[in-house]
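The structure appears right after this line, and notes come after that.
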């Protein structure tokens, strides 16, 4: 954890959250940890209460995508990141991290609807029923 003197040296203090690079990165990381924890707790709650089905699949998918996103973000900080092209100094300028962010953002939205069987009542909706 960075020293507090390096996190909050701008005045007024609120400017640190927007203009101090170290504080911005620290806040980004802390929000990411909180988001991952909420996703894991959500998946555990859905698994405990519903015990299966489409909501559990969605919760586990979201948790998996956020976990993958966290792994991509952490891999950018590892010593071998430059060799793999994942660090910000080379051509791997965070594209994998940004792609993971996009997947995490759109995973809850783009889920296929369940297939439903069309029955006679559903097919006849809005029309007069034959007598």
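The values are calculated or read from the model by the stated rules, or taken from the named source; none is laboratory data. Since the structure is predicted, the reported quantities are computational estimates derived from the model, not experimental observations. Cβ placement follows ideal geometry from the backbone for every residue including glycine, while neighbour counts extend to all protein chains displayed.
Listed by first and then second residue, the pairs linking a residue in the range 48-60 that is farther than 15 Å from residue 38 by Cα to a residue that is surrounded by 14 or more Cβ atoms within 10 Å (Cβ to Cβ), with Cβ atoms under 7 Å apart and 6 or more places separating them unless they lie on different chains, are 50/56; 55/46. Within the range 31-52, the presence of a residue that is part of a helix (DSSP H, G or I), out of contact with any helix residue (DSSP H, G or I) (no Cβ under 7 Å at 6 or more places or on another chain) and at pLDDT below 90 is excluded. Looking at the structure I just gave you, is residue 23 at pLDDT 90 or above and either surrounded by 14 or more Cβ atoms within 10 Å (Cβ to Cβ) or in contact with a helix residue (DSSP H, G or I) (Cβ under 9 Å, 6 or more places away or on another chain) (or both)? No: the conditions fail for residue 23.
Of all residues in the range 47-59, those satisfying the criterion of being surrounded by 14 or more Cβ atoms within 10 Å (Cβ to Cβ) and either within 25 Å of residue 73 (Cβ to Cβ) or in contact with a strand residue (DSSP E or B) (Cβ under 8 Å, 6 or more places away or on another chain) (or both) are 58, 59. Annotation for the range 93-100: at least one member residue is at pLDDT below 70 and not in a helix (DSSP H, G or I).
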